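Asks: Please read through the structure below; I'll follow up with questions.
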Amino acid sequence: MSDLVAEARPDTADTAPALDWEHAFAALGPAFHTELQPSPLPAPVLVSGNARLASELGLPEGWLHDERTVHQLTGNLVPEGSRPIATVYSGHQFGVWAGQLGDGRAILLGGLRTPAGVQEIQLKGSGLTPYSRMGDGRAVLRSSIREYLCSEAMHALGIPTTRALAVTSSPAPVRRETVETAAVVTRVAPSFIRFGHFEHFSARDQVAELRQLADFVIDRFYPACRESDRLEGDPYANLLEQVSERTAALVAQWQAAGFCHGVMNTDNMSILGQTIDYGPFQFLDAFVPGHICNHSDERGRYAYNRQPNVAYWNLFCLGQALLPIIGEQERALAALESYKTVFPAQLEARMRAKLGLTEAQPGDRELIEGVLQQLAAGAVDYPIFWRRLSRAVADDDFEPVRDLFPDRQGFDTWLRQYRQRLPSDRAAVAAGMLRTNPKWVLRNHLAELAIRSAREGDFAGVDTLLRLVQAPFEEHPEHEDLAGFPPDWASTLEISCSS
Ligand code: AMP
Ligand code: MG
């Protein structure tokens, strides 16, 4: 096969596994998408392939490493039976209506029928689309590696997310602040529909398409909305309520994990309540509640501690978009109410689990707020605190935890309450905590180290990190050097929207 495949063309080789495609989203009709071909990239190589996900999808071993696969996952060959499209959506960016956006650099190959159900396969960075606006349709290697690793890290932590099957790269130059190189991430999800898809048709008064999209989402993903007698039996209000609840549960998980999304625009909110569109995300190192991970977010709209409110604001936009088919404003508002109870309840449950407390008791909220106050006051390293606390409970030696806090007295006061509250079977509690508080978190500097090597053509660091974040509760003593506090230079890393 030549290094540069001049034009993406259907792949008809007999050796390729028979991929079983369906095209339900495309069948919605031309108002929802544009058919197109991905634009080829020269000399693609596989940076990393996710064997675990490939196996979940029923793809044969070795498939990821096949040269033909590498071309398919770069957009140089279109698998037989695929029908590539880019979808149209709009959205609010940084609180302002941005109008039409759409898949500017993502191309949906279709839905693959797999042992894990129908999974849509999307190539991110595979060339211009009608929705590229001023962009080049490309993604750079650094941000593709970050998305790939973080999707799998989140999944292993049990946080709903789109998945990532592979990253391929090409020496083709891509201009950002400097000249970088192109890469493509293969993303996998049951659907990539965003709040912004609904906002798009609503803003244009295309009520028939709005209803068609809502029906599609209900039929495929929320069938119970049709049977529910809640909210006066209105399926669209029920959809809004279900999405509110899933989003509340998702953001509670983000907060508990110390995850900052960085760009919670409405076009980056999944209708399935999954984490989607990894850009300038960050897992907290020090616990700084007002931390802003996105260097482009000058006002801190998407700071860590604002995420819960922003999610509600985004749901409100979704509610407004659905109003033409819900009809009654009161009903839409009632559907959104669930967020206000589900979010705090979910957050409390997640934090309780981090503390090893399986059953709720009065006073838990104070205990949780107490530890977060101490962590914030000392800007204590968030992942290390939780992992050390888990070990301390097992050994009944809290000195290594205490060492993390500049205000020992304040911490001791909290610790006394916590030890009184701990169930007596410490070994069981500790085992639960060690399965809840990961040792391996995709910190910015770890991703950065893997990216620096990958830029030199050494992809081993990416594979190592993938293995660590895919088993985040295991010790992996051979990589202890990567498990410590972030180096000083980590705080100088600037991650922006540029990707
Ligand atoms: P994001 O901030 O990454 O969620 O992107 C917002 C919008 O800009 C989406 O419609 C993207 O498809 C589009 N976009 C981002 N980067 C590019 C690019 N390099 N080329 C084309 N479109 C892009
Ligand atoms: Mg986006």
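The values are calculated or read from the model by the stated rules, or taken from the named source; none is laboratory data. It should be emphasised that the depicted structure is a prediction, and the values quoted were computed from it without experimental measurement. Neighbour counts run over all protein chains shown; Cβ positions are idealised from the backbone, glycine included. Quick note on the areas: whole protein, heavy atoms, side chains included, nothing else; ligands and nucleic acids left out. Shrake-Rupley method; radii C 1.70, N 1.55, O 1.52, S 1.80 Å.
Asks: Being within 19 Å of the chain's Cα centre (by Cα), crowded, with 18+ Cβ neighbours inside 10 Å and not hydroxyl-bearing (S, T, Y) is true for just one of C293, C317. Which residue is that?
Replies: C293
Asks: Turning to a different aspect of this structure: So is E67 without any contact (Cβ under 8 Å) to a residue 12 or more places away in the chain and farther than 30 Å from S202 by Cβ or not? Give the steps one after another, and end with the answer.
Replies: Values: without any contact (Cβ under 8 Å) to a residue 12 or more places away in the chain: no; farther than 30 Å from S202 by Cβ: yes.
No; evaluated as a whole, the condition is false for this residue.
Asks: Please identify the pairs in which a residue from the range 408-428 that is at pLDDT below 95 has its Cβ atom under 8 Å from the Cβ atom of a residue that is outside any helix (DSSP H, G or I) and among the hydroxyl-bearing types (S, T, Y), counting only partners at least 6 apart or on another chain.
Replies: Final answer for the pair search is P423/T358.
Asks: Of the conditions (1) more than 19 Å from the chain's Cα centre (by Cα); (2) within 16 Å of ligand 1 (Cβ to nearest atom); (3) open to solvent by less than 30 Å² (accessible area, probe 1.4 Å), V263 fails just one. Which one is it?
Replies: V263 satisfies every listed condition except (1).
Asks: Considering only the range 327-343, state which residues are assigned to a helix (DSSP H, G or I) and open to solvent by 50 Å² or more (accessible area, probe 1.4 Å). Outline the logic, then answer.
Replies: Applying the first criterion (assigned to a helix (DSSP H, G or I)) to the range 327-343 yields 329-343.
Answer for the range 327-343, where residues must be assigned to a helix (DSSP H, G or I) and open to solvent by 50 Å² or more (accessible area, probe 1.4 Å): Q329, E330, L333, E337, K340, T341.
Asks: In addition: Give the number of residues within the range 267-280 that are closer than 22 Å to V441 by Cα, within 12 Å of ligand 1 (Cβ to nearest atom) and in contact with a strand residue (DSSP E or B) (Cβ under 6 Å, 6 or more places away or on another chain).
Replies: 1
Asks: Still on this structure: Quick one: R301 ticks every box in (1) over 21 Å from the mean Cα position of the chain (by Cα); (2) not in a helix (DSSP H, G or I) except a single one, so which number is it?
Replies: With (1) over 21 Å from the mean Cα position of the chain (by Cα); (2) not in a helix (DSSP H, G or I) applied to R301, the lone miss is (1).
Asks: Away from ligand 2 (no atom under 14 Å from the Cβ) and assigned to a strand (DSSP E or B): which single residue out of L128, L73, L109 fits that description?
Replies: On the way: L128 fails: assigned to a strand (DSSP E or B); L73 fails: assigned to a strand (DSSP E or B).
Within the list L128, L73, L109, the selection yields L109.
Asks: Can you report the number of residues in the range 262-281 which are within 11 Å of ligand 2 (Cβ to nearest atom) and closer than 15 Å to G91 by Cβ?
Replies: Within the range 262-281, residues that are within 11 Å of ligand 2 (Cβ to nearest atom) and closer than 15 Å to G91 by Cβ number 11.
Asks: Something else now. Can you find a residue that is within 18 Å of H23 (Cα to Cα) and more than 20 Å from the chain's Cα centre (by Cα) anywhere in the range 51-71?
Replies: no
Asks: Let me ask another. Checking A360 against (1) in contact (Cβ under 8 Å) with a residue 24 or more places away in the chain; (2) closer than 17 Å to A256 by Cβ; (3) more than 16 Å from ligand 1 (Cβ to nearest atom), only one condition comes out false. Which one?
Replies: Failed condition: (1).
Asks: Can I ask one more? Give the number of residues within the range 464-499 that are surrounded by 14 or more Cβ atoms within 10 Å (Cβ to Cβ) and not in a loop (DSSP other than H, G, I, E, B).
Replies: Qualifying residue count for the region: 10.
Asks: I would also like to ask the following. Sort out which residues of the range 344-387 are closer than 14 Å to P406 by Cα, polar (S, T, N, Q) and buried (at least 19 other Cβ atoms within 10 Å of the Cβ), and write them in order of number.
Replies: Result: Q374, single match.
Asks: Conditions: (1) surrounded by fewer than 20 Cβ atoms within 10 Å (Cβ to Cβ); (2) at negative phi. G81 meets all but one. Number of the miss?
Replies: (2)
Asks: If E152 meets every condition in (1) without any contact (Cβ under 8 Å) to a residue 12 or more places away in the chain; (2) within 13 Å of the chain's Cα centre (by Cα) apart from one, which number is that one?
Replies: (1)
Asks: From the list T74, T114, T69, pick out the single residue that is touching a strand residue (DSSP E or B) at 6+ places or on another chain (Cβ under 6 Å) and either hydroxyl-bearing (S, T, Y) or not assigned by TED's automatic domain parsing to the domain that holds S144 (or both). Walk me through it before giving the result.
Replies: On the way: T114 fails: touching a strand residue (DSSP E or B) at 6+ places or on another chain (Cβ under 6 Å); T69 fails: touching a strand residue (DSSP E or B) at 6+ places or on another chain (Cβ under 6 Å).
Selected residue: T74, the only one of T74, T114, T69 that is touching a strand residue (DSSP E or B) at 6+ places or on another chain (Cβ under 6 Å) and either hydroxyl-bearing (S, T, Y) or not assigned by TED's automatic domain parsing to the domain that holds S144 (or both).
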